[in-house]
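Colleague: Here you go, one structure.
The values are calculated or read from the model by the stated rules, or taken from the named source; none is laboratory data. All values reported here derive from a predicted model rather than from experimental measurement. Here Cβ is always computed from backbone atoms with ideal geometry, including for glycine, and neighbour counts include all displayed protein chains.
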Amino acid sequence: MLAPPSAGFRRLLPLLQPHRRSLVAGWLCTLVFVVCWPLLAWLAGQLIPAIGAGDFNRVLQVVGLALSVFLLQKLAQFGQDTLLADPALQVSQELRRRLFARLQRLEFGALEKLSSGDLTYRLTEDADRVGEVIYKTIQDTTPSALQLMVVFGYMVWLDWKLSVGTLLLAPLVAVLVSLFGARVMGAAERSQKQVSELAALLAEAIGGLPLVRAFAAEPWLQRRFDTEIDLHRRARYRTQQLLALQYPVVGFLEAAGILAVLLMGAARIQAGELTGQGFSSYVAALLMLIDPISHLTTNYNEFQQGQASLRRLRQIEQEAVEPPDRADARALGQVHGELVLEGVGFGYDPAQPVLQDLDLRIAPGQVVALVGPSGAGKSTLFSLLLRFNTAQRGRLLLDGQDLADLRAAELRRAVALVPQQSNVFSGTVAEAIAFGRPVSREQIRAAAQLANADGFIEALPGGYDSRVEERGSNFSGGQLQRLAIARAVLGDPAILLLDEATSALDAESEQAVQRGLDQAMAGRTVLVIAHRLSTVQEADRIVVLEQGRIVDQGSHDLLISRPGRYRDLCERQLIRGAS
Ligand code: ADP
């Protein structure tokens with residue numbers, strides 16, 4: 001899809017494929033536009049001697065003709081600009097769409113590695129820059145290159161020897177331009193890296209502002225920020241310096257070149273090999289080269305900067321994505337909800353196991369509470385059950401089928417998660433519960449009723465159409481939890497993974513959430529990371545996890561009756577409500 005550093009933008013070409021028609025039509029207009037230039041140069045050659053000779057009729061005739069050519073040219077330019085703008089913008093939109101799709105499929109490990117600020121920068125600024133290059137290439141670089149060729153072709157036709165002389169000057173400019181181009185590119189890359197580091201720091205700072213204030217660490221953060229923006233400014237300045245140097249140098253070279261051509265032309269006329277008229281046309285054509293050359297130079301710089309951006313986008317592409325379903329993946333069918341773990345072992349780094357030799361058998365409809373100190377591997381077990389990660393050893397079976405053999409999307413419909421932090425997406429309440437699934441209002445309401453959320457939703461001024469702000473900031477913690485429960489039970493999953501919130505709610509909210517949970521859990525297999533005494537007391541079984549191993553299991557009454565890890569956990573109040 002995207003380009004490797006070497007092939008650059010070339011590999012984006014297939015994205016143009018669907019827009020062939022507009023492109024061909026647009027470039028036909030370009031052709032008309034550029035062919036007008038030699039015509040105008042020829043007319044200029046006619047005009048100057050006619051003015052010199054005082055032949056007013058001829059002057060009128062030529063001016064009239066020139067006016068018509070100009071009109072035709074501008075019409076063609078309009079056609080070109082409108083016809084080419086659409087495919088150019090479509091291609092950059094498609095690029096962005098694909099990147100986002102890729103982002104959604106990235107492995108969680110890869111996502112954690114890239115900071116959210118940096119990713120946001122890549123998907124906005126870098127994608128913009130690449131989009132701009134695509135736009136310029138279609139809309140400006142191609143027409144300019146064509147203009148260069150056509151106009152220069154005309155000059156060769158007028159006097160090839162003089163053109164050879166002119167051409168000899170060109171490599172000088174070219175060498176200088178590319179020399180600068182490479183340096184500008186390096187500087188641009190450094191400058192973009194700085195911006196994305198700045199974005200990352202900002203994202204971190206904004207998220208952690210309360211913490212910073214709590215520790216009175218503002219001066220420290222300000223210093224860090226100051227250093228970062230200083231580096232950013234320097235990197236930007238370096239790029240600007242290079243650009244500032246480039247334009248005058250190239251400009252001066254152009255001027256000197258034109259003067260040299262004038263000298264050569266004078267010599268050719270003296271030698272009797274070129275007419276004054278021909279030379280007038282030649283000079284007019286030469287002037288017509290300046291514009292496309294300067295466009296090409298500018299675009300070349302942008303192209304270089306765009307390549308740096310493209311490379312950064314390409315890095316997202318190189319991050320690992322979730323492995324696709326197996327070609328022979330099985331359909332899940334009716335799910336009963338039996339979960340079996342056989343000798344499961346997993347480590348984010350395979351050399352450091354996080355889960356070891358897990359054997360567990362959970363019958364359909366059973367409620368199993370997972371308890372254990374932080375870092376014991378409880379969330380990791382959830383991530384295996386959702387197939388966010390894949391066990392390196394052993395098997396996880398759902399109704400006797402290996403999770404690895406199932407289609408991920410089907411598995412995730414059968415296994416629903418109520419996360420610890422009930423982050424709901426912004427939109428309406430109904431949308432937050434539906435979460436993109438094609439369901440009716442009745443189904444949403446039924447899910448909300450199960451989650452004990454219907455009451456407070458109906459009491460809102462807009463009911464189910466009330467707005468949920470970003471991160472659900474206009475709802476209370478207990479309400480958000482109930483929305484998250486409703487979202488989870490909406491698809492009627494056979495298995496519920498519940499990550500109990502560690503922070504306490506007030507008694508009333510707690511009760512409301514508990515009621516929602518009780519109703520939501522009924523008839524489902526439930527695995528709950530438990531922090532509350534009431535949860536563990538009601539569970540069919542408690543599994544105590546420590547350092548990735550099951551160290552004890554049984555009912556609350558059994559486990560509390562004997563010394564052991566569970567009693568320790570209760571005594572250390574890691575299970576809330578226990579004393
Ligand atoms: P718990 O949920 O019981 O607190 P976790 O499953 O979150 O425990 O973590 C178990 C171990 O795995 C911890 O040592 C933790 O540092 C590590 N861990 C958790 N998530 C990741 C991750 N994405 N990458 C690497 N290590 C991780």
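Colleague: Out of the residues in segment 531-548 that are over 41 Å from the mean Cα position of the chain (by Cα) and part of a loop (DSSP other than H, G, I, E, B), state the one that is nearest to the ligand (Cβ to nearest atom).
Modeller: A539
Colleague: Let me ask something else about it. With the requirement that a residue be of a type in the set (D, E, K, R) and either surrounded by fewer than 17 Cβ atoms within 10 Å (Cβ to Cβ) or free of Cβ contacts under 8 Å to residues at least 40 places away in the same chain (or both), what does segment 111-131 give you?
Modeller: E112, K113, E125, D128
Colleague: Sticking with this one: If you scan segment 75-91, which residues turn out to be farther than 17 Å from D128 by Cβ and either touching a Gly at 6+ places or on another chain (Cβ under 9 Å) or at pLDDT below 90 (or both)?
Modeller: G79, Q80, D81, T82, L83, L84, D86, P87 - these are the residues of segment 75-91 that are farther than 17 Å from D128 by Cβ and either touching a Gly at 6+ places or on another chain (Cβ under 9 Å) or at pLDDT below 90 (or both).
Colleague: Every residue in segment 554-577 that is surrounded by 15 or more Cβ atoms within 10 Å (Cβ to Cβ), more than 16 Å from the ligand (Cβ to nearest atom) and of a type in the set (D, E, K, R), please.
Modeller: R567 - this is the single residue of segment 554-577 that is surrounded by 15 or more Cβ atoms within 10 Å (Cβ to Cβ), more than 16 Å from the ligand (Cβ to nearest atom) and of a type in the set (D, E, K, R).
Colleague: Another question, if that's okay. Looking only at helices (runs of 4 or more DSSP H) that lie completely in segment 56-170, which have at least 1 residues being farther than 30 Å from R314 by Cβ?
Modeller: The qualifying helices (runs of 4 or more DSSP H) are 56-105, 142-158.
Colleague: Moving on. Criterion first (in a helix (DSSP H, G or I), in the same structural domain as T120 (by TED's automatic domain parsing), under 25 Å from G306 (Cβ atoms) and among the polar types (S, T, N, Q)) does Q194 satisfy it?
Modeller: yes
Colleague: Between V551, V528, which is within 16 Å of the ligand (Cβ to nearest atom), in contact (Cβ under 8 Å) with a residue 12 or more places away in the chain, assigned to a strand (DSSP E or B) and surrounded by fewer than 18 Cβ atoms within 10 Å (Cβ to Cβ)?
Modeller: Among V551, V528, only V551 is within 16 Å of the ligand (Cβ to nearest atom), in contact (Cβ under 8 Å) with a residue 12 or more places away in the chain, assigned to a strand (DSSP E or B) and surrounded by fewer than 18 Cβ atoms within 10 Å (Cβ to Cβ).
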